[in-house]
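The structure under discussion appears below in the form of structure tokens.
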Amino acid sequence: MSDPKAANKKVVLGKVGRVHGVSGWVRLNSYTAPPDNILDYPLLRTELNGTQGTLEIDASRRQPKGLLVHFDGYDSPEVSRALTGKEVWVNSSELPDLESGTFYWHELVGLEVSNLQGEIMGIVSGLLETGANDVLVVQPNAQSCDQRERLIPFLMGEVVKQVSLNDASLTVDWDIDYLS
């Protein structure tokens with residue numbers, strides 16, 4: 001990433017859940033796939049009392065209901081309770097580089113989507129994981145050909161023809177009349 005602002009982009013990896021037990025452990029709702037990948041980032045950022053801080057995972061374990069973690073210095077339920085509901089993130093510069101032609105979801109959000117006919121469909125507002133393939137959620141904007149939300153399969157080469165992070169654009173082989 002050559003854009004210095006992009007290197008400092010906040011990428012939310014999860015959210016702290018409720019306290020578990022008497023030693024300060026908490027549930028960690030991971031947004032990574034697979035969920036255990038969040039453990040690849042032992043230092044996570046969060047905001048407490050209006051100040052950004054760092055949380056260090058010093059222990060973790062899987063349970064049937066998800067991931068439990070212990071953060072260094074959070075050794076009691078009373079202290080750990082302050083973390084409940086807090087998002088945890090890393091800067092995008094901390095993410096591993098991907099192979100050419102592959103993208104992190106956060107890189108796709110905000111791209112303007114147009115089809116092969118040049119019709120603007122809107123802006124990528126998010127993605128959905130369906131199991132078969134990821135799906136782009138495209139919200140209309142002021143330049144859109146209509147005001148419909150679209151769900152477009154993220155199938156590189158087949159539906160998604162071009163992604164340009166530099167131009168903040170994404171071209172799809174998708175007719176504006178297709179049901180979403």
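The values are calculated or read from the model by the stated rules, or taken from the named source; none is laboratory data. Here the structure is a predicted model, which is why all the values come from computation and not from measurement. Glycine also receives a Cβ, built like all others from the backbone with ideal geometry; neighbour counts cover every protein chain displayed.
Is it the case that some residue within the stretch 114-127 is at pLDDT below 95, surrounded by 13 or more Cβ atoms within 10 Å (Cβ to Cβ), charged (D, E, K, R) and not assigned by TED's automatic domain parsing to the domain that holds GLY21?
Within the stretch 114-127, not a single residue is at pLDDT below 95, surrounded by 13 or more Cβ atoms within 10 Å (Cβ to Cβ), charged (D, E, K, R) and not assigned by TED's automatic domain parsing to the domain that holds GLY21.
Results for (1) under 16 Å from the mean Cα position of the chain (by Cα); (2) crowded, with 19+ Cβ neighbours inside 10 Å; (3) aliphatic (A, V, I, L, M), shown as yes or no for each residue.
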residue	(1), (2), (3)
GLU112	no, yes, no
THR130	yes, no, no
ASN141	no, no, no
GLU149	no, no, no
ILE152	no, yes, yes
MET156	no, no, yes
SER164	no, no, no
LEU170	no, yes, yes
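Does the stretch 141-150 include one or more residues that are assigned to a loop (DSSP other than H, G, I, E, B) and of a type in the set (Lys, Arg)?
Yes, that holds for at least one residue.
Quick test for you: out of GLY85, GLY73, pick the one residue that is assigned by TED's automatic domain parsing to the domain that holds LEU39, outside any strand (DSSP E or B) and under 15 Å from LEU43 (Cβ atoms). Break it down stepwise before answering.
On the way: GLY85 fails: under 15 Å from LEU43 (Cβ atoms).
Being assigned by TED's automatic domain parsing to the domain that holds LEU39, outside any strand (DSSP E or B) and under 15 Å from LEU43 (Cβ atoms) holds for just one of GLY85, GLY73, which is GLY73.
What number of residues within the stretch 149-165 are among the aliphatic types (A, V, I, L, M) and touching a residue at least 40 places away in the same chain (Cβ under 8 Å)?
Step one: of the stretch 149-165, the residues among the aliphatic types (A, V, I, L, M) are 151-152, 155-156, 159-160, 163, 165.
From what is left, the residues that are touching a residue at least 40 places away in the same chain (Cβ under 8 Å) are 156, 163, 165.
Number satisfying all stated conditions: 3.
Would you be able to tell me the number of residues in the stretch 54-89 that are modelled with pLDDT of 95 or more, within 23 Å of the chain's Cα centre (by Cα) and not basic (Lys, Arg)?
Final tally of qualifying residues: 16.
When you scan the stretch 142-180, how many residues do you find that are among the basic types (Lys, Arg) and either within 14 Å of VAL124 (Cα to Cα) or not assigned by TED's automatic domain parsing to the domain that holds GLY110 (or both)? Walk me through it before giving the result.
Let us first name the residues in the stretch 142-180 that are among the basic types (Lys, Arg), namely 148, 150, 161.
Keeping just the survivors that are either within 14 Å of VAL124 (Cα to Cα) or not assigned by TED's automatic domain parsing to the domain that holds GLY110 (or both) gives 148, 150.
So the answer is 2.
Assess whether GLU78 counts as being loosely packed, with under 13 Cβ neighbours inside 10 Å and not assigned by TED's automatic domain parsing to the domain that holds GLY122.
Taking the combined requirement at face value, the residue satisfies it.
Exactly one condition in (1) aliphatic (A, V, I, L, M); (2) within 17 Å of LYS10 (Cα to Cα); (3) exposed (fewer than 11 other Cβ atoms within 10 Å of the Cβ) is not met by LEU98; state its number.
(2)
Being part of a helix (DSSP H, G or I), within 25 Å of ASP97 (Cα to Cα) and among the polar types (S, T, N, Q): is that true of ASN37 here?
So ASN37 passes the test.
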